[in-house]
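> I'd like to ask some things about the structure below.
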Amino acid sequence: MGPAHSLSGAAAWLGVGAAAAALDHPMPWPVVVVGALICAGAALAPDLDQKSATISRAFGPLSHALCGVIDKLSTAVYNGTRSRGERRRSGGHRTLTHTWPWAIFIGVGFSTAAVVWDRWAVLVILFIHMVLAVEGLLWRMARVSSDVLVWLLGAASAWILAGVLDKPGNGSDWLFTGDGQEYMWLGLPIVLGAMVHNIGDALTVSGCPVLWPIPIAGKRWYPLGTPRFMRFRAGAWVENNVLMPAFMLLGGAGSLVALGFIGG
């Protein structure tokens, strides 16, 4: 579901941009663009608990090893907090990293890093999410391309976008305007991307325990989802032929409003 996750992440941020414009607090255009790309990349990140996921391959041995660590951590948290009626698991996919506390934890962590370490942290955040955005949005080209080329594209994009954001009026202080709060907003598309991923997984057959640790029907890891007859398998026809075109249309409409071409 990598491409669908990334498209939904980008569309979600563009929708936020449209809402911000409607509320008379428009995003500068770099915030619209950078936020959409970060959100597209962040929408792949919850699959850090799966060694076969796109994110596991994105940064070579480093990301593969990290996925192994997160898988073990997720398994331990699941088994340590499961209710009596929930079976023990030996793998952590769709557990800890697919919850709202994890999304907030990651977003706050990246925002804090951006505030504390300023430009260097911003460059790292942008690099990570630009590479993931390429892997998700341009997945056909990324699969047949060298990893080094993808990393170079991510690094070049991060450097250019960081320079654009750093210029006065281009959005480093969007939403958070206090002294020392520049780039604090970078955590928002990361949280949104993670939550959009979880919502997308909730549409599939397995559902998603997004509300953990809140108990539902006696289960802490209750797999929320749509009614069973509305769910589909990952990679199914509905994903490729209905959801992805819908995300493109919604994202396009959101970008026109966010950038002031409609309703301005």
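The values are calculated or read from the model by the stated rules, or taken from the named source; none is laboratory data. Just so you know, these numbers come straight off a predicted model, no measurement behind them. Cβ coordinates were reconstructed from backbone atoms using ideal geometry, including for glycine residues, and neighbour counts include every protein chain displayed. Surface accessibility is based on the protein's heavy atoms, side chains included, excluding ligands, DNA and RNA. Shrake-Rupley method; radii C 1.70, N 1.55, O 1.52, S 1.80 Å.
> What helices (runs of 4 or more DSSP H) completely inside the stretch 4-114 contain at least 1 residues that are closer than 21 Å to G254 by Cβ? Steps first, please.
Values: elements: 29-42, 54-58, 61-81.
Those helices (runs of 4 or more DSSP H) span 29-42.
> Could you tell me whether L188 is on the phi < 0 side of the Ramachandran plot and not in a loop (DSSP other than H, G, I, E, B)?
Working: on the phi < 0 side of the Ramachandran plot: yes; not in a loop (DSSP other than H, G, I, E, B): yes.
Considered against the rule, which asks whether it is on the phi < 0 side of the Ramachandran plot and not in a loop (DSSP other than H, G, I, E, B), L188 comes out as yes.
> Okay, next question. Collect the residues in the stretch 181-205 that are out of contact with any helix residue (DSSP H, G or I) (no Cβ under 6 Å at 6 or more places or on another chain), open to solvent by less than 10 Å² (accessible area, probe 1.4 Å) and either closer than 13 Å to L7 by Cα or at pLDDT 90 or above (or both), keeping them in residue-number order.
W185
> For the stretch 103-126, which residues satisfy the criterion of being more than 14 Å from the chain's Cα centre (by Cα) and open to solvent by 60 Å² or more (accessible area, probe 1.4 Å)?
T112, V116, W117, D118, R119, W120, V124
Residues are listed down the side, and each one gets a yes or a no for (1) surrounded by 24 or more Cβ atoms within 10 Å (Cβ to Cβ); (2) in contact with a helix residue (DSSP H, G or I) (Cβ under 6 Å, 6 or more places away or on another chain); (3) modelled with pLDDT under 95; (4) among the small types (G, A, S):
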{"site": "G9", "(1), (2), (3), (4)": "yes, yes, yes, yes"}
{"site": "A21", "(1), (2), (3), (4)": "no, yes, yes, yes"}
{"site": "D24", "(1), (2), (3), (4)": "no, no, yes, no"}
{"site": "A42", "(1), (2), (3), (4)": "yes, yes, no, yes"}
{"site": "D47", "(1), (2), (3), (4)": "yes, yes, yes, no"}
{"site": "S52", "(1), (2), (3), (4)": "no, no, yes, yes"}
{"site": "R57", "(1), (2), (3), (4)": "no, no, yes, no"}
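> Of all residues in the stretch 141-172, count the ones that are of a type outside the set (K, R) and open to solvent by 70 Å² or more (accessible area, probe 1.4 Å). So that I can check it myself, show each step before the final result.
At the first step, the residues of the stretch 141-172 found to be of a type outside the set (K, R) are 141-142, 144-166, 168-172.
With open to solvent by 70 Å² or more (accessible area, probe 1.4 Å) added as a condition, the list becomes 141, 144, 148-149, 151-153, 159-160, 166, 168.
Counting residues in the stretch 141-172 that are of a type outside the set (K, R) and open to solvent by 70 Å² or more (accessible area, probe 1.4 Å) gives 11.
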